[in-house]
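Visitor: Questions regarding the structure given below will be posed in turn.
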Amino acid sequence: MKEVVTTWFVEPLDPQTNAAIAEFLTVTEIHDGVVCADGESHDLWDCDYRFISRLIGAAKRFGLKFRVFRRRGQGQIEEWRFAFNRKAKQPTGAS
């Protein structure tokens, strides 16, 4: 069975979080107005799962506000609602 590749995205919810993300993701760009599975448009940074886990770890300490999205294979981009679940492990296919 072929492994499904997961692409990760983060949506900053305030200017402070956007600035913090921009400082660390210098080689990627923000994608403005990406329409996701919920039918809404979102401004998303693409990143790897390691960055997502670091961001989750720093969220409370630095007051960062964001949402995590993912795309599995060639599917639609959808919000990943398990981002703040402490027991969640890295999903299969995460890179």
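Laboratory data are not the source of any read-out in this text; all were calculated from the coordinates shown. The shown structure was predicted, so the numbers you read here are calculated from the model rather than taken from an experiment. Every residue, glycine as well, gets a Cβ built from its backbone with ideal geometry; the counts of neighbours run over all protein chains shown.
Visitor: Work out how much length Leu13 to His31 would gain on full extension: take 0.36 nm times their residue separation and subtract the Cα-Cα distance, in nm to one decimal.
Guide: 5.1 nm
Visitor: Measure off 7 Å from each Cα along the Cα-to-Cβ vector at Lys65 and Ser41, then give the distance between these two points in nanometres to one decimal.
Guide: Those two pseudo-labels are separated by 2.2 nm.
Visitor: Follow-up. Can you tell me what the convex hull of the Cα atoms of the chain projects to on average, as an area in nm²?
Guide: One quarter of the hull surface, i.e. the mean projection, equals 6.4 nm².
Visitor: Mean separation of Cα pairs under 8 Å and 6+ residues apart, divided by the residue count of the chain: what relative contact order is that in percent?
Guide: It comes to 40 percent, rounded to a whole number.
Visitor: Between Lys2 and Ala22, how many nm apart are label points set 7 Å from Cα along the C-beta direction?
Guide: Computed distance between label sites Lys2 and Ala22 equals 3.8 nm.
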